[in-house]
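Trainee: Have a look at this one.
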Amino acid sequence: MAIAFDASGCLYVAETRRVRKRDTQGNWTTLTTHGMELGQVSIPRALALDREGNLYIAETGGDEFRITLRKPDGEWTLLAGKGFGVGEVMHPVDLIVDGKGDLYVAEIEAKRIQKRDVTGRWSVVDVDPMLVGELSPRSVASDASGALYVSYNPDEEGNYRVLKKDVQGHWSELATEGSAPGEVLNVVRMSADSTGALYVAELTNQRIQKRDPNGTWTVECEALMDPGVFFDTGHLALDSRGSLYVLDPERRQVQKRDAQGRWTVVVDASNQAVGFHAPSSVAVDRQDTLYVADREFNQVMKRDVRGQWEPCMPSGARVGETYQPTYLSVDASDNLYVVDGWKGGRLQKRDRKGRWTALAETRVRAVGATPNGDIYVYDQMNGQPRLRTRDPQGHWTMVASEGAEPGQVQVIMFGGIAADALGRVYIADWHRVQVRDVDGKWFVLNSAEADAHRRFEAGPRGIAVDRHGVVYVTDGAPPRVLCWTPQPQGKTGSE
């Protein structure tokens, strides 16, 4: 979600599938519907308004990145489409309009800040390479003097930071990584007031800091979040005792819910021995060993039942090494499957004796195993998503191609693959969960049209099924864990 205000005090709110406006009398108006046509939105990440009331929107939905403009009279214009060229954008995550009317856009994938001046000319903002290296910008702000502020995401060494570019064009470092006042962890938004004070919102530290014009930092407010409360939700897994493990990527932690419903934090960013910077997936084997992937540190860690952590898969490009791991799965024989970013999406397998094998290099995104030893693999061929199976003998079979009908898969917001004890396979994609029965028939378990308690507002983030057939799915907006028991013909039981 993102918010912005115009000069008259009207509030604009970006949600996953729409943008709304609340006027000064409290009346709400929906400005956009969901979609990829001009005038529609798909996962708007940031909003900004200029003095004339023009609304700027950064979108990242459906792997299609763009910047659009909505004028006060309702006319829409495409300002930038997907690409690495000047005037194109790759994963825009924040934007602001300064006092002159110039637009600044922060792009994670392109690792740059672009500027669009009032005449419509685009340029890349020069940043001191000694200060940023290979870091990616996360948020931008501008004060009344015209100074530019940029927060940066970490590289493999960590290195969260906030930089300032003054009106003379000189860059300086205002904050580095940490949790003390004047230090930052995972800045998501910044804003400057009319006095020149800078406000910084941090996800991992769960607080807002203020830096006054003299450079003094103070903590303005902090969030208190108990176990069982999430800022974001990702993949999830179940152990043999019915405990549920849920990943919170933004807080860099894994939480556990035992069979009695008690929540505890298993590991978070404060655990220096493990030190996750970008945990991306979790899995549990039959011995209740917990595996956690970290795409920033390029590693997979494992935690035994005694709570001892050790590396399972180091950084590298060879078989048995990993680069930006994104998805983990364990089968009934305790074989570990790892999907990473090498060559756009590689699948590796580690057997119980610790031997590694490369299974696929076809832009793999997710993997799930069935009790009979088959694995289901979601990947892409020539840009088209598909679902395939691989039997224990290594034979591949096509199961589903791209589409929105039952028995087809969608590339947008693919949430994962899971299987129950009977061999039924559950596919979470976009705003639904569909099931492939043991006889090959498909039915949709849940969809965008479901009731509010079972509708995924931001798309499913992860899926798991316990030995009793209870389905658990994480949703992103709001961050929550849903569960229900499938009934015959795809009906759902109690939550």
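Trainee: Considering only residues of the range 31-63 that are among the polar types (S, T, N, Q) and under 25 Å from the mean Cα position of the chain (by Cα), which is nearest to Pro137 (Cα to Cα)?
Mentor: Thr60
Trainee: Out of Ser139, Ser151, Ser191, I need the residue that is surrounded by fewer than 20 Cβ atoms within 10 Å (Cβ to Cβ) and in a strand (DSSP E or B). Which one?
Mentor: Ser191
Trainee: Would you mind stating whether Thr33 is among the hydroxyl-bearing types (Ser, Thr, Tyr) and in contact with a helix residue (DSSP H, G or I) (Cβ under 9 Å, 6 or more places away or on another chain)?
Mentor: So Thr33 does not fit the description; no.
Trainee: Follow-up. Taking the range 286-319 only, how many residues are in contact with a Ser or Thr (Cβ under 9 Å, 6 or more places away or on another chain), assigned to a loop (DSSP other than H, G, I, E, B) and open to solvent by less than 40 Å² (accessible area, probe 1.4 Å)?
Mentor: The number of residues fulfilling the criteria is 4.
Trainee: Something else: Contact list please: Cβ distance under 6 Å, first residue in the range 475-491 and modelled with pLDDT under 85, second residue aromatic (Phe, Trp, Tyr) and in a loop (DSSP other than H, G, I, E, B), pairs at least six apart or on different chains.
Mentor: Listed pairs, sorted by first residue: Asp475/Phe456; Pro479/Phe230.
Trainee: Quick one: in the range 342-351, of everything that is in contact with a strand residue (DSSP E or B) (Cβ under 9 Å, 6 or more places away or on another chain) and surrounded by fewer than 19 Cβ atoms within 10 Å (Cβ to Cβ), which residue is modelled with the lowest pLDDT?
Mentor: Among those residues, the one meeting the criterion is Gly344.
Trainee: Turning to a different aspect of this structure: Looking at (1) more than 23 Å from Ala80 (Cβ to Cβ); (2) under 28 Å from the mean Cα position of the chain (by Cα); (3) not in a strand (DSSP E or B), which is the only condition Arg20 fails?
Mentor: Single failed check for Arg20: (3).
Trainee: For residues that are in a strand (DSSP E or B) and not hydrophobic (A, V, I, L, M, F, W, C), tally how many sit in the range 176-188.
Mentor: Selection size over the range 176-188: 3.
Trainee: Let me ask another. Among the residues of the range 322-334, which ones are in a loop (DSSP other than H, G, I, E, B) and within 20 Å of Asp466 (Cβ to Cβ)?
Mentor: Across the range 322-334, the qualifying residues are Asp331, Ala332, Ser333, Asp334.
Trainee: If you don't mind, another one. Go through the range 371-386 and count every residue that is touching a strand residue (DSSP E or B) at 6+ places or on another chain (Cβ under 9 Å) and either within 17 Å of Gln348 (Cα to Cα) or open to solvent by 30 Å² or more (accessible area, probe 1.4 Å) (or both).
Mentor: Looking only at that region, the number is 10.
Trainee: Tell me which strands (runs of 3 or more DSSP E) are completely within the range 382-428 and hold 3 or more residues being over 27 Å from Leu238 (Cα atoms), or say none if there are none.
Mentor: It comes to 396-401.
Trainee: Then there is this: Scanning the range 102-136 for residues that are in a strand (DSSP E or B) and open to solvent by less than 20 Å² (accessible area, probe 1.4 Å), which turns out modelled with the lowest pLDDT?
Mentor: Ser136
Trainee: So, one more: If you go through the range 194-220 one residue at a time, how many are open to solvent by 60 Å² or more (accessible area, probe 1.4 Å), in contact (Cβ under 8 Å) with a residue 12 or more places away in the chain and part of a loop (DSSP other than H, G, I, E, B)?
Mentor: Summing the residues that are open to solvent by 60 Å² or more (accessible area, probe 1.4 Å), in contact (Cβ under 8 Å) with a residue 12 or more places away in the chain and part of a loop (DSSP other than H, G, I, E, B) in the range 194-220 gives 3.
Trainee: Mind listing whichever residues of the range 387-413 are buried (at least 20 other Cβ atoms within 10 Å of the Cβ) and not hydrophobic (A, V, I, L, M, F, W, C)?
Mentor: Arg390
Trainee: Looking at the structure I just gave you, is Gly87 open to solvent by less than 70 Å² (accessible area, probe 1.4 Å), touching a residue at least 24 places away in the same chain (Cβ under 8 Å), in contact with an Asp or Glu (Cβ under 6 Å, 6 or more places away or on another chain) and at positive phi?
Mentor: It is false that Gly87 is open to solvent by less than 70 Å² (accessible area, probe 1.4 Å), touching a residue at least 24 places away in the same chain (Cβ under 8 Å), in contact with an Asp or Glu (Cβ under 6 Å, 6 or more places away or on another chain) and at positive phi.
Trainee: Does the range 8-30 include one or more residues that are of a type in the set (Val, Ile, Thr), within 20 Å of Val150 (Cα to Cα) and open to solvent by 30 Å² or more (accessible area, probe 1.4 Å)?
Mentor: no
The values are calculated or read from the model by the stated rules, or taken from the named source; none is laboratory data. These numbers were taken from a predicted model, which means no experiment stands behind them. Note that each Cβ is placed from the backbone with ideal geometry, even for glycine, and that neighbours are counted across all protein chains shown. We work out accessible area using only protein heavy atoms, side chains counted, and drop any ligands, DNA or RNA first. Shrake-Rupley method; radii C 1.70, N 1.55, O 1.52, S 1.80 Å.
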